[in-house]
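Have a look at the structure below, then the notes.
Every read-out reported here was derived from the displayed coordinates using simple, explicitly stated rules and does not represent laboratory data. Computed from a predicted structure; not experimentally measured. With ideal geometry, Cβ positions are generated from the backbone for all residues, glycine too; neighbour counts draw on all protein chains shown.
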């Protein structure tokens, strides 16, 4: 009897050498990808958008994640809500643009009309016995933390409050609710989504691949790392004392494999992720007055990393498209009142990460090409410098096994009954 994809995926994960890369099917096979989208991406909190993108009641954005499409709206009471972008009549997608503003959401097929609260308010020619109350939009769980909007497709999502509690204090000083998106870059990378994340989680490649970025950050930035330069260690200590006096959190968050936040200073007197290290925007975020607040490095697995500085923020969102194709969306945020050409220059604002993204894209795509070949075998992660990648793949493997276990039990019970 042919082995099911559930059994085969379980077997590969169980046999995997600890802290080695994954077997080839995890990066190339459609069946494994479909299983991930069904079991993995459906259960985790996913970074979707920023609150400043839907600042006014009636504003909405559409985000497509695999086969799912979600509409995130600002309701009349100011709260953020999310709904499946699927009409309750015959399933047509309702919102077809990437973003918009409307007092109501109207399906273009038969004009079924929904309020911003998701309730069906108009459906022509459905008869007297039709009850609109039974056909509201299907809600999607939504969580908001410091200007970041997350969605979760699970019918019983994990508690969002720990992430909000731990991460929001790092974000609030930057006033991201009162920011705006100055520029958006969408890159479709010919690489598996996990390779995109794996590449981000290590700086083993940085010295050889990112000359622009390495003028701003250091290869080793953990104050407890014995390889850290003494002058940077002293800088971390000094800036930490400054931030303590200002009441600004900076130490690593602890206790979660899924997310983390830390505030770190830049190297060599630089205060922003620009080519010269000077602020990219003269109007600082929120009500900040000090441009030298380092960078809040926010990680949220499985699909986001971020750099929030005093003058601007850079958000990254990773969305799988297929086993060998991934959408990476980068957004540069500035204060909502900042004016292009006056307070900031767009090229200068984006140049560091535009270059770094292009370099990372090439690395991930080349990695994918190599994995596709018959010579690929999993290899060990460096315990000296690839700890972040090791931890991500370890977390992924554990989460996938946890999602597969109940299905294996059901299959076993059905087999026994047969």
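Residue 345 to residue 80: extension gain in nm, 0.36 nm per residue of separation minus the Cα-Cα distance?
92.3 nm
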Practice item. Please give the peptides 102-113, 62-73 ranked by average Cβ packing (other Cβ atoms within 10 Å per residue), highest first, as a rough proxy for protection. Key: 62-73, 102-113
Revision key, fill the gap. So the FRET efficiency between residue 37 and residue 402, C-beta based with R0 = 22 Å and rounded to 0.05, is 0.85
Practice item. State the Cα centre-to-centre distance between region 321-341 and region 186-202 in whole Å. Key: 15 Å
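Starting from 0.36 nm per residue, how many nanometres of slack lie between residue 128 and residue 28 once their C-alpha separation is accounted for?
Working: separation 100, 0.36 × 100 = 36.00 nm, distance 5.22 nm.
Length gained between residue 128 and residue 28: 30.8 nm.
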Practice item. Could you calculate the FRET efficiency of residue 104 with residue 372 from 1/(1 + (r/R0)^6), where r is the beta carbon distance between them and R0 is 41 Å, rounded to 0.05? Key: 0.30
**Study point:** Rounded if a/c under 1.5, otherwise prolate or oblate - region 199-303, Cα gyration tensor axes
**Key:** rounded
Check your understanding: Looking at the chain, what % of its DSSP beta bridges pair antiparallel, to the nearest 5?
Key -> 100 percent
Exercise for review: Could you point to the label whose value was computed as volume of the Cα convex hull per residue in Å³ for the structure here, given [x] 168; [y] 124; [z] 148?
Suggested key: [x]
Point to revise | Separation in nanometres of the label points that stand 7 Å from Cα toward Cβ, at residue 231 and residue 90 | key: 7.0 nm
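Could you order peptides 286-293, 123-130 by the average number of other Cβ atoms within 10 Å of their residues, highest first?
286-293, 123-130
Compare the peptides 252-264, 43-55, 366-378 by average per-residue count of other Cβ atoms within 10 angstrom and give them in order, highest first.
Going by the mean number of other Cβ atoms within 10 Å, highest first, we get 43-55, 252-264, 366-378.
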Review point. At a Förster distance of 51 Å, what's the computed FRET efficiency of residue 135 paired with residue 11, Cβ-Cβ distance as r, to 0.05?
Key: 0.70
